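Can you keep this structure in mind? I'll have questions shortly.
Derivation of every value follows stated rules applied to the coordinates shown; laboratory data play no part. The model shown is predicted, which means the values in this text are computed figures rather than measured ones. Cβ sites come from the backbone with ideal geometry, for glycine too, and all protein chains shown count toward neighbours.
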Amino acid sequence: MNNSVITAPSILAADFANIAGGLSLIEEARGGWVHMDVMDGHFVPNISFGPKMVRDVRARTDLPLDVHLMVSQPERYTSEFIEAGADYLTVHLESTVHVHRVIQSIRRDGARPGLAIVPSTPVAAAEELLDEIDLLLIMTVNPGFGGQALIPRGIEKVARAVQIRRERGLSFRISVDGGVNHETAPLLREAGVDVLVSGSAFFSAPDPSQYLRDLCGHGGG
Ligand code: DX5
Ligand code: ZN
C-alpha cells in the first residue's frame, strides 16, 4: 500500500483551446505533476501535440512536467523535448530497438528517464533497464486515447514491479496510465503504485480537488 501517491493529471483530456485554464485547474486541485501525452499517429493511432506545447506549458507552471512519448523512433525527438522543459521523459520499450541507448541519452541531456510498457508487454521485458530509469510507466489501456477502461491485469503488473524493485534495491517510481478513476485507484494503491495519471476522470470531475484527494486515499468519508 502506498499512502503518498503523486497525482499526474493528463492534459490530453483538457480543452486544447484553453490549456492555460486546464493548468490552473490542475494547480488549484493540487495535482502533483502535469502529464503530457505526445502521440505521432504512427506508434499510436492518434495525434496530439509536440515540443511546442511542452515549451508553452513550461512557461505557465512550475509543476514537474511528466512527458510521455508515444512515438516511433523517440531518439529523434528526446533532446528537443528536454530543451522544451520536460522533467521526466518517458519512452516506450516497444518504440525502438535500442531503448537502452535512448534512456542513457535522456539522462545525459538532463532529464529523468522513464520507460513505458503497453498492456501486452510483461514487466519482465523491462528488467534489464530497471536500474537505468527513474520511472516505470505501466500502461493499463492500449495507448492512443483517453477515456478507456483499465485492463485489470495491469494491477498485477504493478505488484510485480514493486516486488522486483524491492528484491533489487532499486528506487524508480511506478506510474500507472489509463483508466484511473476513484474505483480503480484504491486497487492500484494497494498494489503499491507511486504515480497515478488521470485524464478524463480528472477533467470531468465535478470537484477536481476532491477527486485528487480520493485518488490519494485522502478523500475523507
Ligand atoms: C493514453 C494516454 C493517457 C491518457 C489517460 O494513451 O497515455 O495518459 O491521457 O487518459 P484516461 O485517464 O482518460 O484513461
Ligand atoms: Zn500517458
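What percent do you get for the relative contact order of the chain when only Cα pairs under 8 Å and 6+ apart count?
Once normalised by length, the contact order is 22 percent.
What number, rounded to the nearest 500 deg cm²/dmol, is the helix-based mean residue ellipticity at 222 nm of the chain, given -39500 (n - 2.57) per DSSP H run of at least four residues and division by all its residues? Mind showing how you got there, number by number?
Details: 8 runs with 71 residues, N = 221.
Theoretical 222 nm ellipticity from helices: -9000 deg cm²/dmol.
Let me ask something additional. In nanometres, what is the gap between the two model label sites at S209 and V97, each 7 Å from Cα along Cα-to-Cβ?
Label at S209, label at V97, 5.3 nm between them.
Under unit Cβ charges (Lys, Arg +1; Asp, Glu -1), what dipole magnitude, rounded to 20 debye, does the chain have relative to its Cα centre?
Dipole about the Cα centre, nearest 20: 240 debye.
So what's the net charge close to S198: Lys and Arg +1, Asp and Glu -1, counting the other residues with Cβ under 11 Å from its Cβ?
So the surrounding residues net to -2.
Only loop residues by DSSP count here, and only those with at most 14 other Cβ atoms within 10 Å; note down the chymotrypsin sites (Phe, Trp or Tyr not before Pro) in region 148-221 that meet that.
Hits after loop and neighbour filter: nothing returned.
Only counting other Cβ atoms within 10 Å, I'd like V99, V162 sorted with the fewest neighbours first. Present the calculation step by step, with values, prior to reporting the outcome.
Working: V99 21, V162 17.
Result, fewest neighbours first: V162, V99.
Based on the alpha-carbon set only, what is the convex hull volume of region 40-143 divided per residue, in Å³?
Cα-based convex hull of region 40-143, divided per residue, equals 96 Å³.
For F145, F43, F81, F16, what's the fewest-to-most ordering of other Cβ within 10 Å of each Cβ?
F16, F145, F43, F81
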